[in-house]
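Working notes, beginning with the structure itself.
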Protein chains: 2
Amino acid sequence: MAVKARIFVTYKESVFDPQGQTITDAVQSLGHPEVKKVNVGKFFDVLLDSTTTDVAETINEISEQLLVNFNLETYRYELLEEG
Amino acid sequence: MAVKARIFVTYKESVFDPQGQTITDAVQSLGHPEVKKVNVGKFFDVLLDSTTTDVAETINEISEQLLVNFNLETYRYELLEEG
């Protein structure tokens, strides 16, 4: 069975998000003062075979080994679909 | 009233995602053959004041003006919370 999981990676609350701040400024300059704040993040859509493996374990392992910089970032994931 | 919207930006289906391919290869090399495919995307969390503006219009405008490269990318958004 195939499962699709989406891993969201964001800066920790305590870490400054320079790209988000730049985009906030740009959006306001473009005539949208109603936009108060923009934060930027990445996501990874992972398609995996759940018959031979534990999905949560795989997601956590690849996040920790490869996808997330724990000095600056944090992550969460959700399952999108199974089939 | 403040509304938080999350705008998801991904490559179009027809566009090759080199970062996703590289990550797929790396994850498989790290001992996860159960991972079949990884795709990468960005998201923007936008906090905006909905009392003076139409939320959908603002989201579409800033996506088109700034956040999305329509040659390569496509976007969708969802409202996360209101309060």
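Laboratory data are not the source of any read-out in this text; all were calculated from the coordinates shown. Only a predicted model underlies this, so the values are computations on that prediction, with no experimental measurement involved. Counting neighbours? That spans all protein chains shown, and the Cβs are built from the backbone with ideal geometry, glycine included.
Remarks
- Between copies, the label points at B:F70 (set 7 angstrom from Cα along Cα-to-Cβ) are spaced 4.4 nm, reported in nanometres from shortest to longest.
- Working from label points 7 Å from Cα in the Cα-to-Cβ sense, the B:N69 to B:T53 distance is 2.5 nm.
- Rounded to whole Å, sorted largest first: equivalent-ellipsoid semi-axes of region B:2-82, Cα gyration tensor: 32, 15, 7
- For the protein assembly as shown, the dipole from Cβ point charges (+1 on Lys and Arg, -1 on Asp and Glu) about the Cα centre works out to 260 debye, to the nearest 20.
- Solution diffusion estimate, µm²/s, Stokes-Einstein, the protein assembly as shown, Kirkwood Rh from C-alpha pairs, 4 °C, viscosity 1.567 mPa s: 76 µm²/s
- Position B:E81: other-copy label points at 2.8 nm, ordered by increasing distance, label point 7 Å along Cα→C-beta.
- Proximal lysines to A:K12, defined as alpha-carbon separation beneath 28 angstrom and excluding residues fewer than eight positions away on the same chain: A:K4, A:K36, A:K37, A:K42, B:K4, B:K37, B:K42
- In percent, rounded to a whole number, the relative contact order of chain A is 55, using alpha-carbon pairs under 8 Å and six or more apart.
- Dividing the summed -39500 (n - 2.57) terms of all DSSP H runs of n ≥ 4 by the residue count of chain A sets its mean residue ellipticity at 222 nm at -7000 deg cm²/dmol.
- 3J(HN,Hα) from dihedral phi, region B:34-50, Karplus parametrisation 6.51/-1.76/1.60, rounded to Hz, x for glycine, proline: 6, 7, 8, 7, 10, 10, 10, x, 10, 9, 10, 8, 10, 9, 9, 8, 8
- Inter-copy label distances at B:T52 (7 Å, Cα→Cβ; nm, one decimal): 5.8
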